[in-house]
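Have a look at the structure below, then the notes.
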Amino acid sequence: MKKRRNSSIATCFWVILVLLFILGLITHTLRLNTTIFPEEDSHSQISNTASHDVDSNFTTSESTKQENTSIKDKIEDSESTSQSSTTSETESVTEPTVTQPEETTQPSETEPAVKETDESLIETDPVKPIAGTIFLTFDDGPSLSITPQILDILKSNNITATFFIVDYEYGSEKEDLVKRAFNEGHTIALHGTSHQYSEIYSSLDALISNFETLQEKVFTSTGYRSYIIRFPGGSSNTVSKKYSEGIMTKAVEYFSTTDFVYFDWNVDSQDAGGAYSKEEVFENVTSMIKPNRNNVVLMHDSNNKKYTVEALQDIINWGIAEGYVFEAITHETPQVTHRIAN
Ligand code: ZN
């Protein structure tokens, strides 16, 4: 009896041992299943395996405490962990492919753009700060030989200027030049229908009429009503004294009560007399231009002013190199005027 009891205890012992071994095998294969996935894939799954490890550790520690945990529960656990591992896998797979490219493409797209603008800023920064403004002004035009050449040069340099024009015929090539100058952004200013001193300075009324008549003509041609004027000979002329004593003083007083604004000059190219080569025109202009002020340059675009045309590109190049900007006179430009001498 004792032997049979001992042998039955021994078989029970072996059966328990075999059951424990099988249980151990099941838990071991479960651990393998959960650890295989993270080793294959990215670092984000390591957190999942860590959580799986904690779970499996928890189950194994529990299994040691409660040896009678059923295999069914284990299978359910393994199903839930494999489900969670697959869902967390899809999340962890989709997450990097969606977020990581965004993170990598965003800087790679923005970084060069910022660099480009930085470089372009550096490149477009002027070598020198703005030294001053040059207002190129051309009197006594339009002329068929000179004005088109001046307009071409200004256009190729993307520079606007001011043309103090005299009379022209409607429907003429000169009117076309006035329209062209206006359309290309230049200021059409008024010198007068007549340049004859004996006529225009014969009386104040004659002088006023000289500007108003031309103003109306320009308005008809271009739709632009110009209020910018230049007295023939300048406001400092003394030749007018021959025809009317004190007419310049009266004219300045009168026009100050109107919308008309008159401009003289502070840089004289002397292309109307005194300069007999393009070098002289260039020298006269560049030697008188000063920084930190509005430089109003007197030039002419009447028929025989070829030195003006020849010197113009060099003057523009010099001005740009020296840091000046070129502008057309507007109604808002501060006046540059001479001292009245009559
Ligand atoms: Zn003139």
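Any read-out appearing in this document is the output of simple, stated calculations on the displayed coordinates, not a laboratory observation. As the structure is a computational prediction, the values presented were derived from the model and not from experiment. Cβ sites come from the backbone with ideal geometry, for glycine too, and all protein chains shown count toward neighbours.
A few points about this structure:
- Within the shell defined by Cβ-Cβ distances under 12 Å, the residues around GLY233 carry a net charge of 0, with Lys and Arg each +1 and Asp and Glu each -1.
- Within the range 138-187, the chymotrypsin sites (Phe, Trp or Tyr not before Pro) that combine a DSSP coil assignment with at most 15 other C-beta atoms in a 10 angstrom radius are TYR170.
- Over all distinct Cα-Cα pairs of the range 190-342, the Kirkwood formula returns a hydrodynamic radius of 16.8 Å.
- Within the shell defined by Cβ-Cβ distances under 12 Å, the residues around GLU175 carry a net charge of 0, with Lys and Arg each +1 and Asp and Glu each -1.
- From largest to smallest, the equivalent ellipsoid semi-axes obtained for the range 168-263 from the alpha-carbon gyration tensor read 25, 14, 11 Å.
- Across LYS217/LYS306; LYS174/LYS306; LYS155/LYS179, pairs whose alpha-carbon gap is larger than 20 Å: LYS217/LYS306
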